[in-house]
Amino acid sequence: MKRRIFLKRSLAAGSVGVAAATGLLAPQQVLAAWNKAAFEAKELSGALDALLGSSDMSESADIKVKAPDIAENGAVVPITVDASIDGVESIAIIASNNPVPLVANFVMGPGATGFVSTRIKMGKTGDVVGVVKAGGKLYSAKKEVKVTIGGCGG
């Protein structure tokens, strides 16, 4: 029985090796696309321009950013953005005082609800901004989070 399992696994590993060698398993086809300019921008407006094409946004009461008032550890800050706007196309999360402010961008599929929840890293106290793109316009809401122990080099 052990010989049979060994032969099956050897055949599977050999097949994967041949597929990788011939280029059938190219990593660029497997990895998710990301906007390098947006995630390397040092200012909020530059990140939004590169990511969403504009940095003109308006405050909206239809967006709720849920975050702790005081984050005991900046390395793990739970954030939730809930948008009750129709036709949400994407939700971006920005930590205004981080060295690189754009933390995450979620592209929503058709019919998806405007809700994301994740954990982010914050270097120091600052605003967490949720930017929602809906109907070609940008809407935002923010919440201040005080960080007691730094997460981004702090």
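Things to note:
- Take the conditions (1) of a type in the set (Val, Ile, Thr); (2) crowded, with 19+ Cβ neighbours inside 10 Å; (3) under 20 Å from Thr148 (Cβ atoms); Val81 misses just one of them, which is (3).
- Verdict on Val65 being surrounded by 13 or more Cβ atoms within 10 Å (Cβ to Cβ) and within 15 Å of Asp127 (Cα to Cα): yes
- Scanning region 109-132 for residues that are among the charged types (D, E, K, R) and within 14 Å of the chain's Cα centre (by Cα) yields a total of 2.
Each row is one residue, and each column tells you yes or no for (1) modelled with pLDDT of 85 or more; (2) among the aliphatic types (A, V, I, L, M); (3) out of contact with any strand residue (DSSP E or B) (no Cβ under 8 Å at 6 or more places or on another chain).
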residue: Leu7; (1), (2), (3): no, yes, yes
residue: Gly14; (1), (2), (3): no, no, yes
residue: Ala21; (1), (2), (3): no, yes, yes
residue: Leu31; (1), (2), (3): no, yes, yes
residue: Val65; (1), (2), (3): yes, yes, no
residue: Gly74; (1), (2), (3): yes, no, no
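- Close pairs from region 18-47: first farther than 18 Å from Ser96 by Cα, partner of a type outside the set (Ser, Thr, Tyr) and at pLDDT 65 or above, Cβ under 8 Å, at least 6 apart: Leu25/Val16; Leu25/Ala19; Asn35/Ala50; Asn35/Leu51; Asn35/Asn105
The values are calculated or read from the model by the stated rules, or taken from the named source; none is laboratory data. Fair warning: this is a prediction, and the values are worked out from it, not measured in the lab. Positions of Cβ are backbone-derived with ideal geometry, glycine not excepted, and every protein chain shown enters the neighbour counts.
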